[in-house]
Amino acid sequence: MTTVIRATEPDDLTGVRSALLTAFEQVKAAIAAGEDVVMAVPAGDLLGHRGPERGAYVGGLVGMVRAVAFEGARPGWVINVVALPEGVEVADGDLDLYVGAGVTGQVVTVGTGLLGKVAP
């Protein structure tokens with residue numbers, strides 16, 4: 001089974017911290033239950049298109065995913081980010097279809113909205 005964690009939208013730096021802590025607790029619970037994890041985030045937030053707070057939050061989620069994937073390589077934890085374009089809704093049960101079998105620690109961007117954009 002896969003646990004889906006959807007990004008929230010913090011409006012200030014205090015909200016960023018709180019949202020990251022909540023996501024971390026959700027990741028720990030999913031891993032303890034033996035579940036894979038998919039973080040669903042707005043693609044534009046990867047580049048800070050909707051403000052620095054949201055960009056910082058999604059950047060923190062991506063860092064968390066990569067760190068958890070690295071630490072969980074031996075025990076076989078699977079955790080990835082799926083970045084969805086604005087206006088695209090994907091059901092929780094379908095998000096893991098965007099990530100290949102055996103893939104972990106990756107950011108998968110759905111759609112073409114970020115093509116040609118400069119990534120920091």
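The values are calculated or read from the model by the stated rules, or taken from the named source; none is laboratory data. This one's a predicted model, so the numbers in the text were calculated from it and none came from an experiment. Neighbour counts are summed over all protein chains in view; Cβ atoms, including those assigned to glycine, are modelled from backbone coordinates with ideal geometry.
Which numbered condition in (1) closer than 15 Å to ALA7 by Cα; (2) modelled with pLDDT of 90 or more; (3) surrounded by fewer than 19 Cβ atoms within 10 Å (Cβ to Cβ); (4) touching a Lys or Arg at 6+ places or on another chain (Cβ under 9 Å) is the only one that ALA56 fails?
Every condition holds for ALA56 apart from (4).
I need a count of the residues in region 20-47 that are more than 11 Å from MET64 (Cβ to Cβ), hydrophobic (A, V, I, L, M, F, W, C) and assigned to a helix (DSSP H, G or I).
7
Among the residues of region 1-19, what is the count of those that are in contact with a helix residue (DSSP H, G or I) (Cβ under 8 Å, 6 or more places away or on another chain) and closer than 15 Å to VAL99 by Cβ?
Total meeting the criteria: 4.
Just for region 1-19: of the residues that are part of a helix (DSSP H, G or I) and crowded, with 18+ Cβ neighbours inside 10 Å, which one is farthest from the chain's Cα centre (by Cα)?
Only one residue tops the list, namely VAL16.
Conditions first: (1) free of Cβ contacts under 8 Å to residues at least 40 places away in the same chain; (2) crowded, with 19+ Cβ neighbours inside 10 Å; (3) in contact with a Lys or Arg (Cβ under 9 Å, 6 or more places away or on another chain). HIS49 passes all but one, so which condition is the exception?
Only one criterion is unmet by HIS49, namely (2).
Restricting to region 94-114, and then to whatever is among the small types (Gly, Ala, Ser) and crowded, with 16+ Cβ neighbours inside 10 Å, can you tell me which residue is modelled with the lowest pLDDT?
GLY113
Out of curiosity, is ALA32 of a type in the set (Gly, Ala, Ser), at pLDDT 95 or above and surrounded by fewer than 17 Cβ atoms within 10 Å (Cβ to Cβ)?
So ALA32 fits the description; yes.
Within region 72-93, restricting attention to residues that are of a type outside the set (Val, Ile, Thr) and surrounded by 12 or more Cβ atoms within 10 Å (Cβ to Cβ), which residue is nearest to ARG50 (Cα to Cα)?
Within region 72-93, the match that is nearest to ARG50 (Cα to Cα) is GLU86.
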